[in-house]
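Asks: Below you will find the structure I want to go over with you.
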Amino acid sequence: MSDYNNEGGKDTIGESSKEIIQAPIPIQTREPDALDTEEVIRNHEEMVEAERKKIAETKHAMVGECIEVEHNNIRWNLQLRRRTYEWEEEQEEQLMAALARVQLDDGDDTWRWSWDKHGCFSVKSFYKELFNRARVQQNMYKVRLSVWNAMTDPLPAVFPALFTVSSIEKWLLQWPVVTNHEWGSLVWKYLPYATLWTLWKTRNNKTFRNTEIGVERICREIKFTIWYWCSSWKRRKKYKYQDLEDNWAGVIRGLIGPV
């Protein structure tokens with residue numbers, strides 16, 4: 001007898017067919033292969049990379065997004081978008097060492113300016129920090145750039161009034177060392193640049209303002225310019241400007257000591 005009947009217009013299923021349908025269907029299982037594992041890892045890495053990119057683009061990551069807490073221990077995870085280069089490893093270690101010393105408190109993130117005792121940003125504090133980092137005696141960008149740019153001779157020029165030297169370039173390159181004294185050597189090192197800078201300003205004042213400046217005043221301005229350029233040198237307070245006026249030879253020879 002067939003298991004499938006049509007009684008009264010209704011389809012019915014026989015008992016034997018029900019048993020077949022109700023019987024458990026075996027499902028083939030297999031161990032996950034390497035491809036499955038790689039796909040899971042790849043999906044996870046893509047998700048992490050997307051989160052890193054989101055933080056990097058907004059540039060407003062919270063501290064809580066950069067730390068992982070486990071057993072009351074804090075581990076920093078800055079979620080960098082790429083692996084650090086070999087030459088960056090030392091800087092990264094220094095950064096992580098600095099972060100390890102930070103004491104975190106529960107609460108909302110806040111911004112604090114490190115170079116101000118009140119934690120508030122100001123142009124004055126920013127300029128002061130930059131000034132301390134870029135010492136005037138080491139840089140003097142404006143002056144040196146002007147001097148060396150002139151030495152490259154961008155425009156044809158002659159120097160008919162240079163009676164003692166044939167070339168400013170050779171004059172600067174052959175500038176001798178006369179003393180190892182801290183104060184005298186610094187003054188001597190600045191002397192050619194201060195001289196050229198002062199003469200340049202004097203020439204401009206004569207040309208554009210018709211202002212006559214005597215030799216004595218030019219010499220005094222050269223000395224004052226040197227004194228000003230030494231202002232960021234911490235030990236300048238041990239010396240006096242008057243020594244440049246009264247005992248110039250003693251300063252250059254290293255005979256003037258700190259007070």
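Asks: Please work out how much length the chain gains when fully extended from residue 180 to residue 92, using 0.36 nm per residue of separation minus the C-alpha to C-alpha distance, in nm with one decimal.
Replies: Values: separation 88, 0.36 × 88 = 31.68 nm, distance 3.89 nm.
Gain in length upon complete extension: 27.8 nm.
Asks: Moving on. Pairs 117/238; 189/240; 124/234; 124/240; 189/223; 124/189: which are spaced more than 23 Å apart, C-alpha to C-alpha? Show your work: numbers first, answer last.
Replies: On the way: 117/238 28 Å; 189/240 18 Å; 124/234 19 Å; 124/240 27 Å; 189/223 12 Å; 124/189 30 Å.
In this structure, 117/238; 124/240; 124/189 exceed 23 Å between Cα atoms.
Asks: Just add up the charged neighbours of residue 214: K/R +1, D/E -1, any other residue whose Cβ is under 15 Å from the Cβ of residue 214.
Replies: Details: positive: 201, 203, 206, 217, 220, 223; negative: 212, 216, 221.
For residues surrounding residue 214, the net value is +3.
Asks: For a quick protection proxy, order the peptides 69-81, 245-257 by their average other-Cβ count within 10 Å, most packed first. Please report the intermediate quantities before stating the final value.
Replies: On the way: 69-81: 10.2, 245-257: 15.0.
Put in order of decreasing packing, that is 245-257, 69-81.
Computed from the coordinates by the stated procedures, all read-outs in this text should not be read as laboratory data. On a predicted model such as this, the values are computed, not experimentally measured, just so you know. Note that we place each Cβ from the backbone using ideal geometry, even for glycine, and neighbour counts take in every protein chain shown.
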